[in-house]
1. Do we find a residue being loosely packed, with under 12 Cβ neighbours inside 10 Å and of a type in the set (S, T, N, Q) anywhere in the range 124-138?
2. Pick from the range 173-196 the residues that are surrounded by fewer than 21 Cβ atoms within 10 Å (Cβ to Cβ) and part of a loop (DSSP other than H, G, I, E, B): which of them is farthest from the chain's Cα centre (by Cα)?
3. Being within 22 Å of the chain's Cα centre (by Cα), surrounded by fewer than 18 Cβ atoms within 10 Å (Cβ to Cβ) and touching a residue at least 40 places away in the same chain (Cβ under 8 Å) is the filter here, so list the residues in the range 18-43 that pass it.
4. Considering Leu214, Leu202, Leu226, which residue is part of a strand (DSSP E or B) and not β-branched (Val, Ile, Thr)?
5. For Leu141, all conditions in the list (1) out of contact with any strand residue (DSSP E or B) (no Cβ under 8 Å at 6 or more places or on another chain); (2) within 15 Å of Ile114 (Cβ to Cβ); (3) not in a helix (DSSP H, G or I) hold save one; what is the number of the exception?
6. Kindly list the number of the only condition in (1) assigned to a loop (DSSP other than H, G, I, E, B); (2) modelled with pLDDT of 85 or more that fails for Pro5.
7. Could you grab me the full set of residues in the range 222-263 that are without any contact (Cβ under 8 Å) to a residue 40 or more places away in the chain and of a type in the set (Phe, Trp, Tyr)?
8. Counting only residues that are modelled with pLDDT of 85 or more and under 23 Å from Arg286 (Cα atoms), how many does the range 308-339 have?
Amino acid sequence: MAVTPAGRAGEGDNVDGDALVTVDDLAVHFPITSGIVFRHTVGAVRAVDGVSLTVKRGETLGLVGESGCGKSTTGRAILQLIRPTRGRVLYEGTDLAHLRGRALRRQRRRMQMIFQDPYASLNSRMTVGDIVGEPLLVHRLRDRAGRHERVRELLQTVGINPNTQNRYPHEFSGGQRQRIGIARALAVEPNFIVCDEPISALDVSIRAQIINLLQALQREFGLTYLFIAHDLSVVRHISDRVAVMYLGRVVELAANAGLYGEPLHPYTQALLSAVPIPDPEAEERRRAVVLQGDVPSPADPPPGCHFHTRCPAMRKGLCDREDPALREARPGHSVACHLVTESDYPRIRAGEDDLAEVAG
């Protein structure tokens, strides 16, 4: 992704043949109101506060960060399930934020979402066949017999017995319900799917099966994923590139190998240092980066760099006053940090000798 010094998506992204979705300065602010009779706005929760990124055709872009950082809101705003406060969302060059009615519905056929909770995302009063076939009915794609045949085909594709389409969601396990949700997302043959933590509500024994299914479907149908998760191990396994969010902003974006091999932002380094290593000796030698304090409120974010209140490398007069732009520090690796190019920037990667001094 080309990023200008201002931290916005580059102009070339709009016409880049590889760019399927381009997000430019996206913000979602939820108003805080006061009063009972005469209600008035007294503030806003800045759930997403200036996100710029590009999702390339056929890739999986991982979006990670702590709970409450704005990952799911970003995914929903891209699909216009939540209307953004500002910014642009370009899908193949078309700005979705300006579409309404039938024009937006036509675009939604090409963009779908797999929700986090397979128990809440399926209507308990509808049969599985009606749930999976509903998108076909909404978009008027097939007649009754055609919908029935398409539902059988979709259920078989995701590993569900097609003869069970007259059953209700409560008759299936959590993993089976999520497969049904995936089948529903595939019904209208989209090419872009937002996966909103699709495995976080599932048993550990089932998660690998769902991940393998998503990868197989991507290869078979040429899908593009925005994969939202907080499990960095899963994101490393499935993603081509990874974007790290903190308090409503993307603080680092890089290829999988670059981000996991040499993270530049101190927040990313702290996140990766908390990922368990399946080697007892290496795990014992490693020293975790422990961040001090709590995540600030998105209703009252700190001035300057939003991360400076917890950053072990924070420089007063710079980090607490100036907002760092997301810029390309090296080819294909963008970071929003004032100190990343300074010679005295402390390397706080897990396992280095100076880690204890920086973290302590």
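1. yes
2. Ser173
3. Asp25
4. Answer to the selection: Leu226.
5. (2)
6. Pro5 satisfies all of (1) assigned to a loop (DSSP other than H, G, I, E, B); (2) modelled with pLDDT of 85 or more except (2).
7. Residue satisfying the conditions is Tyr260 alone.
8. Qualifying residue count, the range 308-339: 2.
The values are calculated or read from the model by the stated rules, or taken from the named source; none is laboratory data. Everything numeric here is computed off the predicted structure, so don't read it as measured data. Counting neighbours? That spans all protein chains shown, and the Cβs are built from the backbone with ideal geometry, glycine included.
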